[in-house]
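Below is one structure; the comments refer to it alone.
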Amino acid sequence: RGASLTDFAEKVGVDAAQLVQMLFHLGEMVTATESVNDETLELLGEELNYVIQIVSPEDEDRELLESFDLEFGEDEGGEEDLVVRPPVVTVMGHVDHGKTKLLDALRSANVVDKEAGGITQHIGAYQVTTDVDDNERRITFIDTPGHEAFTAMRARGAQATDIAILVVAANDGVMPQTVEALNHAKAAGVPIVVAVNKIDLPEADPTKVRGQMAEYGLVPEEYGGDTMFVDVSAKSELNLDRLLEAVVLTADASLDLRANPTQDAQGLVVEAHLDRGRGPVATVLVQRGTLRVGDSIVAGPAYGRVRAMLDEHGDNIEEADPSRPAMVLGLNAAPGAGQNFIVVEDDRMARQIAEKREARERAAMQAKRRVRRSLEDFMASMEKGESQELNLILKGDVSGSVEALEDALSKIDVGDEVGIRVIDRGVGAITETNVDLAAASDAIIIGFNVRPQGKATEMADREGVEIRYYSVIYQAIEEIEAALKGMLKPEY
Ligand code: GDP
């Protein structure tokens, strides 16, 4: 996770200058105020005969909250305080199988009978109601399709999803990303409901899809298994109610979804961005407790008082109960997707926690950026001209997409000789500062659903900085992977 040498020196009771010197002899040039990564700390520990225990960021944060008498993740009180809460659903599946269309259909189908002309906004999550056995039941959908977002959240140790809807196009059948999504859901222990989509198409073969899925261990109920399959058409809005029912029944059968609605609210950030007029806005998913306007909250390294809350229809709401998504206004910055939020006693406490987290994030980021490489290694590779790195600056419309992109990029592997280094990332338009940094570090700027601002394009042209724009993650990955392969030296 990393720490600055000065902090480390204080902990082990030696002079920071001595550490700098030791590192120099080990082949690393670092100044005392800079942060170094875990391996370097371990190395120093060995030299000093200390046993260095690296505390995970999760543990570190738990300790931080404990010092304020707070705990994240557990419902307060006993059994009697728990009330049934709606399941939270993520839609996953192969590209083009209809995830987005299905999310749109479910959302709009539900609005029509609610209030005429109500325009739904994309806030990152929404809730629908459905009748099951004459009971009105609610379901929350995470409005970012695909398992990239799901994985980015899990990478933070956050699990927002209770149930996964796996979309499989009936004309296409099981495809690589279907299997990938299935494995992600299984690894997270999340029950799956299969939506066999596009059954309006003449070439649709839903029976074949069932057979294929059974081979991957998802045996349809009608074949004696325990996975519910529903044939749907997102386009013709066919059987959407049956899909919702299947979600509720699966939740009832295999999950005990209850939460204490009376305590101070806690939950997760689904997405966040900087709004030109409103400042930082974050969509949060309440997991326990009830979030109210006026609450002091800390969300990842951001803090503030809830100035207003909006639902997915853009309407103001005063409170949000468990599994309810809400767009929160009043934070001082945009937190990251998957970071937790927690209501605390007062603004002062929120700020203190946020500032500690902010400082830690900065140190961790700095440590990550330092590629630990000995001087010898470096010189040798320079001489041979072999080691190459592609520097990238990532800019995206929401924090979730930037994280998903970075996560996916980090998985590209075309061998040891070439690699990717993300030197900066952020939410919002591409600025002159970004171009500046790119020029200084020979980096390419990746814009995901964002455009350049002011004179950024002009400046990029002048400085010879390449800016590439994408709106689909896998496309960005494909092109960057191809570029990396191009950097590989031909073998003779
Ligand atoms: P995603 O990549 O999984 O999010 O897929 P999209 O939702 O973008 O859908 C991919 C394409 O399939 C689009 O052209 C949709 O209009 C189309 N599509 C989605 N659902 C259906 C459906 O039920 N029937 C038909 N015929 N086309 C669909």
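The values are calculated or read from the model by the stated rules, or taken from the named source; none is laboratory data. Computed from a predicted structure; not experimentally measured. Glycine gets a Cβ as well: all are built from the backbone with ideal geometry, and neighbour counts include every protein chain shown. For the accessible areas, the whole protein counts, side chains as well, though only heavy atoms, and no ligand, DNA or RNA atoms are used. Shrake-Rupley method; radii C 1.70, N 1.55, O 1.52, S 1.80 Å.
Within segment 56-67, identify whether any single residue is in a loop (DSSP other than H, G, I, E, B) and in contact with a helix residue (DSSP H, G or I) (Cβ under 8 Å, 6 or more places away or on another chain), and answer yes or no. There is no residue in segment 56-67 that is in a loop (DSSP other than H, G, I, E, B) and in contact with a helix residue (DSSP H, G or I) (Cβ under 8 Å, 6 or more places away or on another chain). Across segment 278-292, not a single residue is classified as open to solvent by 20 Å² or more (accessible area, probe 1.4 Å), more than 16 Å from the ligand (Cβ to nearest atom) and of a type in the set (A, V, I, L, M). Among strands (runs of 3 or more DSSP E) lying entirely in segment 121-232, which contain 2 or more residues that are open to solvent by 50 Å² or more (accessible area, probe 1.4 Å)? Per the criteria, 135-142. Within 14 Å of the ligand (Cβ to nearest atom) and in contact with a Ser or Thr (Cβ under 8 Å, 6 or more places away or on another chain): does that describe Leu218? Here the answer is no, as Leu218 does not meet what is asked. Against the criterion of being among the polar types (S, T, N, Q), in contact with a Phe, Trp or Tyr (Cβ under 9 Å, 6 or more places away or on another chain) and either part of a strand (DSSP E or B) or exposed (fewer than 13 other Cβ atoms within 10 Å of the Cβ) (or both), Thr90 qualifies. Considered as a group, the residues in segment 233-248 that are open to solvent by 10 Å² or more (accessible area, probe 1.4 Å) and assigned to a loop (DSSP other than H, G, I, E, B) include one that is nearest to Ile163 (Cα to Cα), and that residue is Asn239.
Beta carbons closer than 9 Å, at least 6 apart along the sequence or on distinct chains, pair a first residue in segment 94-105 that is within 22 Å of Ile123 (Cα to Cα) with a second that is of a type in the set (Lys, Arg) and within 6 Å of the ligand (Cβ to nearest atom) for Gly98/Lys198; Gly98/Lys235; Lys101/Lys235; Ala105/Lys235. Comparison of Ala251, Ala326 shows that the only residue that is assigned to a strand (DSSP E or B), buried (at least 23 other Cβ atoms within 10 Å of the Cβ) and small (Gly, Ala, Ser) is Ala326. Residues satisfying the criterion are present in segment 107-114 (criterion: within 13 Å of the ligand (Cβ to nearest atom) and either modelled with pLDDT of 90 or more or closer than 16 Å to Glu271 by Cβ (or both)).
Evaluated against (1) open to solvent by 50 Å² or more (accessible area, probe 1.4 Å); (2) without any contact (Cβ under 8 Å) to a residue 12 or more places away in the chain, Gly78 falls short on exactly one condition, (1).
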